[in-house]
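Taking it in order: structure first as structure tokens, then the write-up.
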Amino acid sequence: MGAQQLTRTFVVWDYLVFAGMLSISAAIGVYYAFCRGGQTQKDFLMGGRKMTALPVALSLTSSFMSAITILGIPSEIYRFGAIFSMYGFSYIIMVVITSEVFLPVFYKLGITSTYEYLELRFNKRIRLCGTALFILQTVLYMGVVIYAPALAMNQATGLNLWGTIITTGVICTFYSSMGGFKAVVWIHVFQVGIKMAGFFSVIIQGTVVQGGISNILNDSYHGGRLNFWDFNPNPLQRYTFWTIIIGGSITWLTVFGISPAQVQRYNACKSRFHAKMSLYINLIGCWGILACTTLCGLVLYSRYHECDPWTSKKVSAPDQLMPYLALDILQDFPGLPGLFVACIYSATLSTVSASVNALAAVTISDLIKPHFPSLSEKTLSQLCKVTSMLYGALCIGMAALASLMGALLQVVLSIFGIIGGPLLGLFSLGILVPFANSMGALVGLTTGFAISLWVGIGAQLYPPLPERNLPLSLITDGCNVTSFHHQRNWNATTGTPFSPNAFQVHSAERTPLMDNWYSLSFLYFSTVGMLVTLLVGIIVSLLTGGRKQSIDDRFLLTKEDFLSNFDFFKKEKLVLNQTLYVIENDGTKMTDFNQEAPAFNYIKMNFVEDGGENHGLHF
């Protein structure tokens, strides 16, 4: 196909809409950096712990609706059908477990980074392992998130791909490092509106162009896209009810249950009631986003069910289908293509800014503060900003690696599964298993990560056969030069295409290992990592004297945590001035936990290990 050009790309109104979104986002960051007075490091990282449920819920929803969501889910529904909408059930499971299992423990401890908990519950080595894995996971994730909208901008406007990537990272890093936590939250609230407007513009105009919702549903039905129910228990099949409910729930638990980016936000609420309410309001937002992306996927299929742009080489990857559709149906409405690209771009800004802020919080509280406890408030605040800028720069570099990977959504969920699954198992071990000790935690985490890394890398190198993925048919019989308002060779400007996987090893001969273990649904990566970590951690703890230790109840999920749901009308007070007791094996030491919910807790904790040598932990 020749390099035919779009009949029109961006016009002045499109650029104005897009520039307006960037300007307002940056202005909010400047406002919180300068107009609200100086910020302490507690204000910068936790908003002073005075946030209410609604803005925090909108912030959680906004970062959930990343560019991966906007570009990836409609393309998955276009290729595999509406079974993806079964995620609505997994979101319920994820929110209930997060609010009733993880939130009570994290909130009553008043911690900034969830990895502070690992040192309180186990030891410093476990904390550092968890912190390192989180930083690796988040930096990899942000590389993919930054690359996605830059690719969309490249396709929509012809702007230089890497110039757009650098611009994304610079703007995002600017307002994250300048305005801190409150700026990030309120920018998220603003960007939710932009993203929903972008979604609705495509859904409404797509419905009009296709002659109504009944035509869209009819086309989708005859194309096999309304495949909501598939109860096949085969774990090798890409999407079934069970892979989404089990694997999907655990995958999203690794994000909302234990990720500092999310925990940091609901821990910033002024009471536990507000923290829980933020999660349940966020559930409604997640359902709304899922409904919008499902409708976009069905509009996409209805529009192109006779001429698939991917197999007919009009786009070089499925993840480019949504920008292609937006330019196709919105080109006669100046400003709307710009609104849709602003929707994708703001999705990236909200996700990356939350991640940069969380990375700064984890680095300061887990890596810097423990070694330099005498740093002044002013120095800590400056370090927060410098750390945010450094992570922003690192994530721009990671976008280069993202350009070599496979389809957006699968890459992101695989990263969460491979790294997040073992971490979820580690936190579950600490919160739910009273006899779990540091040896069991370390061996369990190492084993779980090794197993999930094995299957994850194997799946990247030797992807499952098409019959495992069950992609639905895509037709090009109706393609002709006049069937679209515009034709363009989108391969011309993309550089490295985002699909297929650039790391794939092409082998003529398939082994049983490839056809079974490496063909496991990517949604189960997190389940494998979590279960292996839990099981190994329990066994090793029992074999190394875990039953002889006694743990302070505040490190565990207790009956009182559940009963506290019924006294939400009482004024909650965060109490952190009790004495913590940590007893390992035969040794007993105590220390005071005498802080007023600081952003960084300074705790001196001693315990005696088997050999009788006394070890002190300081942070």
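The values are calculated or read from the model by the stated rules, or taken from the named source; none is laboratory data. Nothing here was measured: the structure is a model prediction, and the numbers come from that model. Every residue, glycine as well, gets a Cβ built from its backbone with ideal geometry; the counts of neighbours run over all protein chains shown. Areas reflect the complete protein model, heavy atoms only, side chains present, ligands, DNA and RNA absent. Shrake-Rupley method; radii C 1.70, N 1.55, O 1.52, S 1.80 Å.
What is the distance, in nm, between label points placed 7 Å from the Cα along the Cα-to-Cβ direction at L128 and at R547?
It works out to 3.3 nm between the two label points.
So, by mean Cβ neighbours within 10 angstrom, what's the order for 128-136, 317-325, 16-24 with the highest one leading? Mind dumping the intermediate values first?
Values: 128-136: 19.6, 317-325: 25.3, 16-24: 16.7.
Put in order of decreasing packing, that is 317-325, 128-136, 16-24.
How much length, in nm to one decimal, is gained on full extension between Y31 and V96, taken as 0.36 nm per residue of separation minus their Cα-Cα distance? Walk me through the intermediate numbers first.
Details: separation 65, 0.36 × 65 = 23.40 nm, distance 3.55 nm.
So the chain would gain 19.8 nm between Y31 and V96.
How far apart, in nanometres, would the label points at N215 and L432 be if each is projected 7 angstrom from Cα along the Cα-to-Cβ direction?
Result: 5.0 nm between the two label points.
Which value, in Å² and to the nearest 10, is the accessible area of W454 when all protein chains are kept and the probe is 1.4 Å?
Per-residue accessible area (W454): approximately 120 Å².
Estimate the FRET efficiency between K313 and N232 by the formula 1/(1 + (r/R0)^6), using the beta-carbon distance for r and 41 Å for R0, to the nearest 0.05.
Working: r = 33 Å, r/R0 = 0.80.
Approximately 0.80, to the nearest 0.05.
Using amide H atoms built in the peptide plane, which far-off residues or other-chain residues are under 5 Å from I475 H to H?
D308
Which links in K369/K548; K124/K369; K108/K276 stretch past 24 Å when you go from one Cα to the other? Working shown, then result.
Working: K369/K548 32 Å; K124/K369 13 Å; K108/K276 13 Å.
Pairs exceeding 24 Å: K369/K548.
Give the peptides 69-81, 200-212 in descending order of average Cβ contacts within 10 Å, highest first. Mind showing how you got there, number by number?
On the way: 69-81: 25.8, 200-212: 16.8.
Packing order, densest peptide first, comes out as 69-81, 200-212.
With each label point set 7 Å from Cα along the Cα-Cβ vector, what nm distance links I166 and F562?
Distance between label points: 5.6 nm.
Excluding ligands, DNA and RNA, what is the solvent-accessible area per residue of region 249-334 at a probe of 1.4 Å, expressed in Å²?
Solvent-accessible surface per residue comes out at 24 Å².
Determine, for each peptide in 252-261, 287-296, 346-355, the mean count of other beta carbons within 10 angstrom over its residues, then list the peptides with the highest first.
On the way: 252-261: 25.3, 287-296: 20.2, 346-355: 29.5.
Most protected by this proxy first, the peptides run 346-355, 252-261, 287-296.
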